[in-house]
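Remarks on the structure that follows.
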Amino acid sequence: MSLIKSSCLASAAVVLLSAMAILGVGAAKTFAQAPSGPGAHGQIEAHSEAGPAARVSGNGQTALFIAIAVTVGVACLSAGYAVGKVGAAALGAASEKPEILGRALIFVGLAEGIAIYGLIIGIMLLRLV
């Protein structure tokens, strides 16, 4: 039962990570589009080459770096928490019934995937800089 609760916590961490990424991109674009007086700092510049559709500069760039840091940080903290809980439950279950160790380690791998997803989202956000 503890293994199921731990995998539910891992799923909740993925949902939290996705929400943080969406909020981070939204905040970065909001700061980028805010008027900042003469000089037009903080605007999104369109590019026509085969890269990202828009680049962020000025205040939006700072907000985007903060969004990247928060997204990757929350993902890694969530993954560490999930691996700790799922790993403890998996080893506890394997000590009682050793033949389920292989199946239990799959859940630990899924929990580790949360950090990889956060890193991928951070790299995707970094392409906007």
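So here's what we get for this one:
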item	result
Lone qualifier among A104, A69 - being in contact with a Leu (Cβ under 7 Å, 6 or more places away or on another chain) and part of a helix (DSSP H, G or I)	A104
Residue check for V86: among the hydrophobic types (A, V, I, L, M, F, W, C), surrounded by 15 or more Cβ atoms within 10 Å (Cβ to Cβ) and at pLDDT below 90	no
Test: residue in the stretch 55-64 that is assigned to a helix (DSSP H, G or I) and either surrounded by fewer than 13 Cβ atoms within 10 Å (Cβ to Cβ) or under 13 Å from the mean Cα position of the chain (by Cα) (or both)	no
First in the stretch 115-129 and in contact (Cβ under 8 Å) with a residue 40 or more places away in the chain and part of a loop (DSSP other than H, G, I, E, B), second anywhere and of a type in the set (G, A, S) and loosely packed, with under 13 Cβ neighbours inside 10 Å, Cβ under 8 Å, 6 or more apart	R127/G51
Of the criteria (1) of a type outside the set (F, W, Y); (2) assigned to a helix (DSSP H, G or I); (3) modelled with pLDDT under 80, which one S78 fails	(3)
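The values are calculated or read from the model by the stated rules, or taken from the named source; none is laboratory data. Predicted, not measured: the structure shown is a model, and the values here were computed from it. Quick reminder, even Gly has a Cβ in these numbers, built from the backbone with ideal geometry, and neighbours come from all protein chains shown.
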